[in-house]
Amino acid sequence: MRRILANGTLVTPDGLRRGDLALEGDKIVGLAARIEPAPGDEVEDVAGCWVFPGFIDAHTHLQCWTGMDWTADSFETGTRAAACGGTTCIVDYATADRGVTMDEALAEWQARAASGAGCTANYGFHMAIAEWGEDSPAQMRRMREAGVSSFKTYLAYDHLRLTDAETLRCLEVVRDLDAVLCVHCENGDVVNELQRRVLAEGITGPEGHPLSRPAEAEADAVSRLLYLARIAGARVNVVHLSTELGLLAVRAARNRGQGGIYVETCPQYLTLDDTRYLEAGDDGFAGAKYVMSPPLRKPADVRALREAVLSGEVDSIATDHCSFNLRGQKDRGRGDFTKIPNGGPGIEHRPAVMATTFEGQLGPEGLCRLLAEGPARTFGLWPERGRLAVGAAADVCVWDPSARWVISAATQHQAVDYTPWEGFEAHGRAHLVYVGGELVARDGEPCGATPGRYVAR
Ligand SMILES: [Zn+2]
């Protein structure tokens, strides 16, 4: 039996095509102007809809201990929420904390993903490296063989960060493995110093968070990373780029002719600014909802990043989904903003927030490039994923651009008590979402199927 999605606008690597798409098992088996149904075939009329390859979110933290608390979303709830929004594959950050090998970390993350009632969306893993040692290159080689083709290091957070020398050694191994290094770019020393000073001035609420993490701390780290990558000749992904200054550092490196630089940003840095830290309510603590690193920035940064999205300087839009409840988790940082667990939710709403924000500017092909094709190419999921083509995975998002709805924590599937986009009027919605050929969500609601599997890259 085939499932035929008929009369849609297919968003293919060669452009938009009116026509039909056929799924059988976990593969796309037909793509044509008209596919004649055979007896037993199931036909869905998707006239008026854009048919995308399933969206890919290449930056998530599910079921993860972050040094302060466990994230609110598990693999079960996070992948279900992802699928409701149109995302069919995530790449989550497994982390080898200090004293833990990468092999142990990967086994642990595989066990976590398998521990619930099943994953709705597919999942792969990056490996974050919090400690460098003699054996790290051998461990990285084994990760590569296990389908982990991207790694992550931090230039901030004392319990996670590597020195510049260690980062350089890591980049050389990444180059030899033809992998990609994702890097959290903030100058950790500067952040530590400014956190201390801001608290000493008596600023203890959420508004202290952006004051302690200035744009310069990001731009310095982006610039340093790109020079280190140039010395090593390695490919790097600048994760969650949030500032115009950081963007200028990327642009400078690209203008010098440096290749292998990928840029990722997130919906929060394209839609929200640092006035949110002053949001009224909760005795001045409502701004804790937006305590994530890097922090929300100035309106001028939001404008610059939006222009970079439109000009093609951004390769992918991911969420950095790392959810904590406002009550019971974030509120442990009342009276000291450095103790507010860092992170926010977004895995469910990224496609709708981006389609709405860039309505009339990006179009379906631009959305496809940033939400599916870009991350697939950067992270080794292409050509199996990230494109509609015969032989590719039957991970599909049928998008209804005419749908109108309002984002709200009351109706979301993310297991967290708020959303940064409360009251956002969304234009467009995932109408039908397929993972491995199975229908997993319809009009924003899950269907109960959990076909999500580990994807080796
Ligand atoms: Zn992250």
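In this structure, the amide hydrogen of A72, modeled 1.01 Å from its nitrogen in the peptide plane, lies closer than 5 angstrom to those of S323, F324, N325, counting only residues at least 5 positions away or on a different chain. The slack in the chain from D282 to E359, taken as 0.36 nm per residue of separation less the alpha-carbon distance, amounts to 24.4 nm. Over the chain, DSSP H runs of length four or greater, each weighted -39,500 (n - 2.57), average out per residue to a 222 nm ellipticity of -8500 deg cm²/dmol. Calculated FRET efficiency, R332 and R141, Cβ-Cβ r, R0 56 Å, to nearest 0.05? With a Förster radius of 56 Å, E is 0.90. Think of the range 264-397 as having a plus end and a minus end, set by charges on the Cβ of Lys, Arg, Asp and Glu; of V390, F285, L370, F285 sits farthest toward the positive end of this dipole. Close Lys pairs in the chain (alpha-carbon distance under 21 Å; sequence gap of 8 or more, or different chains): 4. Protein heavy-atom accessible surface, 1.4 Å probe, per residue over the range 409-457: 40 Å².
Farthest toward the positive end of the dipole of the chain, out of M354, A128, Y227, is the Cα of Y227, where the dipole comes from beta carbon charges about the Cα centre.
Think of each Lys and Arg Cβ as +1 and each Asp and Glu Cβ as -1; about the Cα centre, that makes the dipole of the range 55-378 roughly 360 debye.
Annotation: amide H of L362 has no partner in the under-5 Å range at sequence separation 5 or more or interchain, hydrogens built in the peptide plane. Less than 5 angstrom separates the built amide H of R297 from those of D274, all sequence-distant by 5 or more or on a different chain. Compute the Cα gyration tensor for the range 55-378, then decide on rounded, prolate or oblate, letting a ≥ b ≥ c be the square roots of its eigenvalues: rounded whenever a/c is under 1.5, prolate when a/b is larger than b/c in the other cases, and oblate in all that remain. Verdict is rounded for the range 55-378. Taking the protein heavy atoms of the chain in the context of the full set of protein chains, the accessible area attributed to carbon and sulfur is 49 percent at 1.4 Å. Projecting label points 7 angstrom from Cα along Cα→Cβ for A200 and E24 puts them 7.1 nm apart. The string of couplings for the range 43-54 from the Karplus curve (6.51, -1.76, 1.60, θ = phi - 60°) is 10, 10, 7, 10, 4, x, 9, 8, 9, 9, x, x Hz, one whole number per residue in order, with x for Gly and Pro. When each of the peptides 234-247, 305-318, 159-172 is scored by the mean number of other C-beta atoms lying within 10 Å of its residues, the order from highest to lowest reads 234-247, 305-318, 159-172. Annotation: extensible slack from L248 through D164 equals 28.1 nm (criterion: 0.36 nm per residue apart, minus Cα-Cα distance).
The values are calculated or read from the model by the stated rules, or taken from the named source; none is laboratory data. Just so you know, these numbers come straight off a predicted model, no measurement behind them. Quick reminder, even Gly has a Cβ in these numbers, built from the backbone with ideal geometry, and neighbours come from all protein chains shown. What goes into the accessible areas is simple: the full protein's heavy atoms, side chains included, and nothing from ligands, DNA or RNA. Shrake-Rupley method; radii C 1.70, N 1.55, O 1.52, S 1.80 Å.
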